[in-house]
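*Asks:* Okay, handing you the structure first.
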Amino acid sequence: MLTLTNLLLIKISIIFLPKCLTIDYCGPNFCNNSKQHTLCKYKELASHCTAYEKTILTENDRQIILDKINSRRNKVAAGEIRSLPPAESMLKMEWNKELEISAQRWADQCVKHSVPDIQDTCRNLGKLTVGQNIATIHGDSPGLVPLALVDVWYMELLNINSSIMLRYVPSFDTGNSHYDYFTQLVWEESNQVGCGGVKFKV
């Protein structure tokens with residue numbers, strides 16, 4: 001295990017997508033020809049990453065994360081959350097390795113924590129919008145697994161109600177407590193997910 005005397009950050013980035021395409025991320029028809037897509041702009045690990053440790057996901061890890069996300073989505077779909085209406089057509093999530101690669105590439109930039117979280121400029125696939133959730137843990141966290149962070153995002157449901165869900169406006173536009181990671185987690189049209197993670201010293 002890595003023991004550090006300075007602050008340690010664990011960044012987990014999870015990306016959601018309605019459906020998947022294979023694309024030239026630096027191509028002229030992508031990200032408004034800006035070359036700002038995460039997989040175009042960032043080719044490798046950031047040079048400032050110190051004491052870098054990539055989170056390695058096994059097939060079992062991926063399935064456990066996927067099962068947890070789908071379990072939380074099913075609770076919302078079934079109307080088990082009192083402050084929210086049931087979902088009419090909640091889709092089941094599937095793992096997408098392309099999204100995992102994109103999430104890992106962003107995590108590999110070792111971006112220090114901020115409020116709100118700094119997100120990459122463009123991660124969309126073609127005309128499909130891709131959402132992003134980020135979790136940062138400060139300090140050494142032995143035994144922490146990415147699965148636990150799904151519930152961190154899910155607990156944002158305490159900051160939301162049915163009127164926000166029916167007329168969705170991002171929380172930073174309303175001045176309300178943060179709820180955007182929860183809404184991204186349970187967005188009914190999303191059906192693919194991938195995540196990446198890293199430990200680094202700051």
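The values are calculated or read from the model by the stated rules, or taken from the named source; none is laboratory data. Owing to the predicted nature of the structure, the values given are computational and were not obtained by experimental measurement. When we count neighbours, we look across all protein chains shown, and the Cβ atoms used for this are built from the backbone with ideal geometry, even at glycine.
*Asks:* Considering every residue within region 80-94, establish whether at least one is among the hydrophobic types (A, V, I, L, M, F, W, C) and either touching a Cys at 6+ places or on another chain (Cβ under 9 Å) or free of Cβ contacts under 8 Å to residues at least 12 places away in the same chain (or both).
*Replies:* Scanning region 80-94, I find no residue that is among the hydrophobic types (A, V, I, L, M, F, W, C) and either touching a Cys at 6+ places or on another chain (Cβ under 9 Å) or free of Cβ contacts under 8 Å to residues at least 12 places away in the same chain (or both), so the answer is no.
*Asks:* Considering Ala148, Ala107, Ala87, which residue is surrounded by 14 or more Cβ atoms within 10 Å (Cβ to Cβ), more than 19 Å from Asp67 (Cα to Cα) and among the small types (Gly, Ala, Ser)?
*Replies:* Result: Ala107 is the single residue among Ala148, Ala107, Ala87 that is surrounded by 14 or more Cβ atoms within 10 Å (Cβ to Cβ), more than 19 Å from Asp67 (Cα to Cα) and among the small types (Gly, Ala, Ser).
*Asks:* For residues in region 181-202 being touching a strand residue (DSSP E or B) at 6+ places or on another chain (Cβ under 8 Å) and in a helix (DSSP H, G or I), which is surrounded by the most Cβ atoms within 10 Å (Cβ to Cβ)?
*Replies:* Leu185
*Asks:* Right, something else. Consider region 151-179. How many of its residues are loosely packed, with under 14 Cβ neighbours inside 10 Å and either of a type in the set (Lys, Arg) or part of a helix (DSSP H, G or I) (or both)?
*Replies:* Residues that pass the stated criteria total 10.
*Asks:* Among the residues in region 166-173, are any among the polar types (S, T, N, Q) and closer than 28 Å to Thr50 by Cα?
*Replies:* Within region 166-173, none of the residues are among the polar types (S, T, N, Q) and closer than 28 Å to Thr50 by Cα.
*Asks:* Report yes if some residue within region 126-135 is within 30 Å of Thr50 (Cβ to Cβ), charged (D, E, K, R), modelled with pLDDT under 85 and not in a helix (DSSP H, G or I); otherwise report no.
*Replies:* no
*Asks:* Quick one: would you say Leu99 is assigned to a helix (DSSP H, G or I) and at pLDDT below 90?
*Replies:* Against the criterion (assigned to a helix (DSSP H, G or I) and at pLDDT below 90), Leu99 qualifies.
*Asks:* Only one of (1) part of a helix (DSSP H, G or I); (2) closer than 18 Å to Asp180 by Cβ; (3) of a type in the set (Gly, Ala, Ser) is not met by Ser71, so which one is it?
*Replies:* The single condition Ser71 does not satisfy is (2).
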